[in-house]
1. Assuming B:Glu79 fulfils every condition listed in (1) within 14 Å of another protein chain (Cβ to nearest Cβ); (2) open to solvent by 30 Å² or more (accessible area, probe 1.4 Å) apart from one, which condition is it?
2. Select from the stretch B:61-76 the residues that are in a helix (DSSP H, G or I) and in contact with a helix residue (DSSP H, G or I) (Cβ under 9 Å, 6 or more places away or on another chain) and write down the one among them that is farthest from the other protein chains (Cβ to nearest Cβ).
3. Scan B:Leu34, B:Leu25, B:Leu18 and give me the residue that is in contact with a Ser or Thr (Cβ under 7 Å, 6 or more places away or on another chain) and within 30 Å of A:Leu40 (Cβ to Cβ).
4. Listed residues B:Leu99, B:Leu18, B:Leu28, B:Leu24; which is open to solvent by less than 80 Å² (accessible area, probe 1.4 Å), within 11 Å of DNA strand D (Cβ to nearest atom) and within 12 Å of chain A (Cβ to nearest Cβ)?
5. Counting just the residues of the stretch B:9-60 that are in contact with a Gly (Cβ under 7 Å, 6 or more places away or on another chain) and part of a helix (DSSP H, G or I), which one comes out farthest from DNA strand C (Cβ to nearest atom)?
6. Among the listed residues B:Leu74, B:Leu25, which satisfies the condition of being out of contact with any His (no Cβ under 9 Å at 6 or more places or on another chain) and of a type in the set (A, V, I, L, M)?
7. Read through the list (1) more than 9 Å from chain A (Cβ to nearest Cβ); (2) within 30 Å of A:Gly43 (Cα to Cα); (3) open to solvent by 60 Å² or more (accessible area, probe 1.4 Å), then give the number of the only condition that B:Leu93 fails.
2 protein chains.
Amino acid sequence: METHAKEGIEKWQDEQFLEDTAELLKALAHPSRLKIVGFLASGKKCVKHIWEALDLPQPNVSQHLSVLRNRGILGYKREGSIVCYYIKDKRVLELYRNLTQED
Amino acid sequence: METHAKEGIEKWQDEQFLEDTAELLKALAHPSRLKIVGFLASGKKCVKHIWEALDLPQPNVSQHLSVLRNRGILGYKREGSIVCYYIKDKRVLELYRNLTQED
DNA sequence: TTAAAATATTAGAATAGTATTATAAATATC
DNA sequence: GATATTTATAATACTATTCTAATATTTTAA
């Protein structure tokens, strides 16, 4: 009576887990993308607000947003002429809090 | 009466934090390195044991170990002719557990 | 001191990630 | 429709990462 297919297998033996998780971490493993995630941790923000607040060139931010969006970390919503991004993957919020907490 | 220098500043505004954290994540953001960390999560292991258990070429593992070691994630101890690695950075254990916990 | 075992390093080619610049697309306003 | 604003995409040059194969280093034991 197995309730899960991979019961008893350690996570590090699950190649799918390793690849997916590495992809997730890779997406976060850049100062600017981490900055974006940190900025979005307090809520949804529009693109212009993001690149102005973070003091980064607009196309650069747009590219980083697309990395985060394509890996399912961010979601977005068009609101008229502006586009607003938010953190979609709850695990990422947890991870970010984990990384920012003082020891 | 400030007890910390950077009080009141959000973490995402701290460029040093962003760079350090991105480096940490980058070191973990590879399937084989994640696999090594997962294997070491249960305790110290010697190099041969690592590359045999993980079914990876010896020089490859050695290179990955050096990445993890250089970034302070792993520590090691020579014991006679063999070298044993262990997880030195406690944050990484927390991160790994965070990543492996089921939702 | 030589040989074997364990681990590390190096060199090279292939691939991937990045910033910058320029341009395109979508929407809103006039 | 013309124009301004916002965001995305493309092209390029540059740098970094990765794997593989070969070789070096360290330790132990014969």
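1. (1)
2. So in the stretch B:61-76, the residues in a helix (DSSP H, G or I) come out as B:61-70.
Among the residues that remain, those that are also in contact with a helix residue (DSSP H, G or I) (Cβ under 9 Å, 6 or more places away or on another chain) are: B:61-62, B:64-65, B:67-68, B:70.
Numbers: B:Val61: 14, B:Ser62: 18, B:His64: 12, B:Leu65: 15, B:Val67: 13, B:Leu68: 13, B:Asn70: 16 Å.
Result: B:Ser62.
3. Working: B:Leu25 fails: in contact with a Ser or Thr (Cβ under 7 Å, 6 or more places away or on another chain); B:Leu18 fails: in contact with a Ser or Thr (Cβ under 7 Å, 6 or more places away or on another chain).
After ruling out the rest, the residue left standing is B:Leu34.
4. Unique residue meeting the criteria: B:Leu28.
5. At the first step, the residues of the stretch B:9-60 found to be in contact with a Gly (Cβ under 7 Å, 6 or more places away or on another chain) are B:10-12.
Narrowing further to those that are part of a helix (DSSP H, G or I): B:11-12.
Details: B:Lys11: 19, B:Trp12: 15 Å.
In this case the residue turns out to be B:Lys11.
6. Numbers: B:Leu25 fails: out of contact with any His (no Cβ under 9 Å at 6 or more places or on another chain).
Just one listed residue meets the conditions, B:Leu74.
7. Result: B:Leu93 passes all but (3).
The values are calculated or read from the model by the stated rules, or taken from the named source; none is laboratory data. Values in this document were obtained by computation on a predicted structure and should not be read as measured data. When we count neighbours, we look across all protein chains shown, and the Cβ atoms used for this are built from the backbone with ideal geometry, even at glycine. Keep in mind that these areas ignore ligands, DNA and RNA; they rest on the heavy atoms of the full protein, side chains included. Shrake-Rupley method; radii C 1.70, N 1.55, O 1.52, S 1.80 Å.
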